[in-house]
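Below: the structure, in structure tokens.
The values are calculated or read from the model by the stated rules, or taken from the named source; none is laboratory data. The shown structure was predicted, so the numbers you read here are calculated from the model rather than taken from an experiment. Quick reminder, even Gly has a Cβ in these numbers, built from the backbone with ideal geometry, and neighbours come from all protein chains shown.
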Amino acid sequence: MIRILLFADLQEKMGKDSLAYECDSITIKALKEQLKTAFGLFEIDHVMTAVNEEYAMEDDIVKSGDTVVFIPPVSGG
Amino acid sequence: MVDSLYEIVEEPIEVNEIIKKVERREAGAINTFIGTVREWTNGKRTMYLKYQAYQPMAVKMLQKIGAEIEKKWPNSKAAITHRIGELDISDIAVVICVSSPHRKAAYEANEYAIERIKQMVPIWKKEHWEDGETWVGDQLEKVAYPEGSPDVKDVKK
């Protein structure tokens, strides 16, 4: 199971702050496609992704047990 | 040292406490940046703000910025605290302190820190305007990255 955390507008759109995705391994790119298809979460094309608290690339592979966080454009400061 | 140099907090920030974290006998300068909540942005009035963070990663990224600073400006020391939750106009959202033997490095490193925060620390601001609310995507009040998608190269270097 891959744990997915949502923040900011993604969290509001989904109405929840986390999702569980059953899968052994998948690229971030493919995971994003799945979420677009399943939930119409098209904003996900414009966000960065972090895996286990580090920024990751679209072609990186996430595995069961990992925490994936979608990071909308940040606006701290 | 009891206090951590890089923190995300929900309580009001005491500026002097952050300054104290970077005080050193070898320092000849301490530069302090205080980021506050602005009421008017391009003619729109903010009533209050809400900040949200992915806390463990935000702290990690602040630590990374600190490490970058120590590498780029040897003998400098940084401390950064960002507040989250609901903030009113003029409340302090972020405090960055940098000490260094000579002032130029402290000024430069401090500006570098805030630019990096706006680039890569997972903190989000929700503006509550007079007439609605928006999650802000960057400081120009846009909701997407300038090129349509983020540049991961900037944050992984």
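For segment B:78-89, filtered to residues that are over 15 Å from the mean Cα position of the chain (by Cα) and charged (D, E, K, R), the residue that is surrounded by the fewest Cβ atoms within 10 Å (Cβ to Cβ) is B:D88. Restricting B:N42, B:N75, B:N16 to residues that are modelled with pLDDT under 95, surrounded by fewer than 16 Cβ atoms within 10 Å (Cβ to Cβ) and more than 14 Å from the chain's Cα centre (by Cα) narrows the list to B:N42.
Name every residue in segment B:112-139 that is in contact with a Phe, Trp or Tyr (Cβ under 7 Å, 6 or more places away or on another chain), of a type outside the set (A, V, I, L, M, F, W, C) and surrounded by fewer than 20 Cβ atoms within 10 Å (Cβ to Cβ), in order of residue number. The answer is B:K126, B:H128. Can you pull out the residues in segment B:90-111 that are within 14 Å of another protein chain (Cβ to nearest Cβ), buried (at least 21 other Cβ atoms within 10 Å of the Cβ) and not in a helix (DSSP H, G or I)? Listed by number, the residues that qualify are B:A93, B:V94, B:V95, B:I96. Flag: B:A144 does not match the condition of being among the hydrophobic types (A, V, I, L, M, F, W, C), crowded, with 17+ Cβ neighbours inside 10 Å and either at pLDDT 95 or above or under 24 Å from B:Q52 (Cβ atoms) (or both).
Just so you know, in segment A:1-11 the residues that are aliphatic (A, V, I, L, M) and in a helix (DSSP H, G or I) include one that is nearest to the other protein chains (Cβ to nearest Cβ), and it is A:A8. Taking the criterion of being of a type in the set (A, V, I, L, M) and within 14 Å of chain B (Cβ to nearest Cβ), the residues of segment A:12-50 that qualify are A:M14, A:I28, A:I44, A:V47, A:M48, A:A50. When A:E22, A:E33, A:E43 are screened for being among the acidic types (D, E), modelled with pLDDT under 95 and surrounded by fewer than 21 Cβ atoms within 10 Å (Cβ to Cβ), only A:E43 passes.
Residues that are out of contact with any Leu (no Cβ under 9 Å at 6 or more places or on another chain) and aliphatic (A, V, I, L, M) were ranked within segment A:51-70; the one that is nearest to the other protein chains (Cβ to nearest Cβ) is A:M57.
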